[in-house]
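Throughout, read-outs are computed from the coordinates displayed, never taken from laboratory work. Quantities reported herein were computed from a predicted structural model and do not represent experimental measurements. All Cβ positions, even for glycine, are placed from backbone atoms using ideal geometry, and neighbour counts span all protein chains on display.
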Amino acid sequence: MSSALGRWSRRSWSRSWWWQALLLSTLLLALPATARAQARPISTRDVLFEWDAEAKLLYLSAGFRDVIDQELRAKLSRGLPTTIVLTAAIYRAGGTQPLSTTAHTCKVTWHVWEEAYRVEITRPGGSQVRWTTTVEGVLRRCAEVRRLLAGTALQIPLSTALFCSAKVQVNPLSPEVMQKLKLWVLRPSGTGTAAPSDALFSTFTGLFLQRVGEAERELKFNSRPAVPTVVRPSTEK
């Protein structure tokens, strides 16, 4: 009798475990793709910080080509419109409160008559248009940033190790968010970056640190803490 009860108990537990596993799998699959993506580990990579000693401005340079997979490369090759957005917040090493924020947006469209890609780049300081005939040219302009303005001496303490927390989105699905981001980057100001004293700082950090909407592809990474390299003006005549 006890043996029969033991077998029944084991079968009952097995069926219960199977249904629980099935329910968990169903719930995970029901989550939006972006919600599942948020559970992925955030990568760590090298980012170059440069401090312009004369202008007293902080710049960062970084690459994130891995956000463009083969499917997105194929879409670019077919001339489909693509938007790539980088947002980043700068922190003191070990800190939890952002010191400043920055952004870089890239809107790519294929022009049949010119047989070239039109690349509209918006970043602190303004917007510019560049043309390229190759996907590689698009990636150099949109999946890398060089000397992106990231802060000022009023925001960033000198000779201090910093790190950035960044998010890259490909084809964000919210036009409202894109419009807010563009207005933030192009707003009238001395530098185009935002600090906690800026009235728009909370708006930007809200867009960056919270879920700002779904995207076709998303990548998040943190940089390794590093003291900015000081770049001084040349004294050569």
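Among Arg232, Arg141, the ranking by other beta carbons within 10 Å of each residue's beta carbon, starting with the fewest, stands as Arg232, Arg141.
How do Glu136, Glu50 line up, fewest other C-beta atoms within 10 Å first? Could you put the intermediate results ahead of the total?
Working: Glu136 10, Glu50 17.
By the 10 Å Cβ count, ascending, the order reads Glu136, Glu50.
Under 8 Å for C-alpha pairs, at least 6 residues apart: give me the relative contact order for region 67-157, rounded to a whole percent. Computed value for region 67-157: 25 percent relative contact order. If R0 is taken as 41 Å, the Cβ-Cβ distance between Ala116 and Arg92 corresponds to a FRET efficiency of 0.45.
A Förster radius of 41 Å, combined with the Cβ-Cβ distance separating Val230 from Glu136, puts the computed FRET efficiency at roughly 0.80. Taking 0.36 nm per residue of separation and subtracting the Cα-Cα distance, full extension of the segment from Lys56 to Gln70 would add 1.0 nm.
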